[in-house]
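Take a look at the structure below.
Read the figures in this text as sums done on the coordinates, not as results from a lab. Fair warning: this is a prediction, and the values are worked out from it, not measured in the lab. With ideal geometry, Cβ positions are generated from the backbone for all residues, glycine too; neighbour counts draw on all protein chains shown.
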Amino acid sequence: MAEAMITGRTRGGAEWTPEFVTELDAKKCIGCGRCYKVCPRDVFTLVERAEMVEDDDFYDDDDEMMVMTISDGLDCIGCKACSAVCPKQCHTHQALAG
């Protein structure tokens, strides 16, 4: 027997399957902050790129660029608003079984 996916309902009664953020690609992230601003649950935070990207040879040594990271993924409600506003498609989402 397959496990049922977590589902929700819209205000209008339509059923939908939330997809929760599982990863954020720091190499793609430009630190624009759009996902941070749109997230209703404070799932993201800004950090220095050097903390997130192990193979930092691609970037200048003087580059002190900030990028987003998932600080509290368990607080994600699965709305995917972060992906909708991200210009670089940095986020990976997954539906979960209930």
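Observations on the model:
- Exposure here means at most 13 other Cβ atoms within 10 Å; with GluC sites (Glu not before Pro) in a DSSP loop as sites, the longest stretch of the chain lacking them is 4-53.
- Estimated FRET transfer efficiency (residue 16, residue 51; beta-carbon r; R0 41 Å; 0.05): 0.75
- Summed residue charge, Cβ within 14 Å of residue 97's Cβ, Lys/Arg positive, Asp/Glu negative: -2
- The slack between residue 92 and residue 4, meaning 0.36 nm per residue of separation minus the straight C-alpha distance, is 29.6 nm.
- Sorted fewest first by neighbouring Cβ atoms within 10 angstrom, 22, 69 come out as 22, 69.
- A simple count of charges around residue 79, restricted to other residues whose Cβ falls under 11 Å of its Cβ and scoring Lys, Arg +1 and Asp, Glu -1, yields +1.
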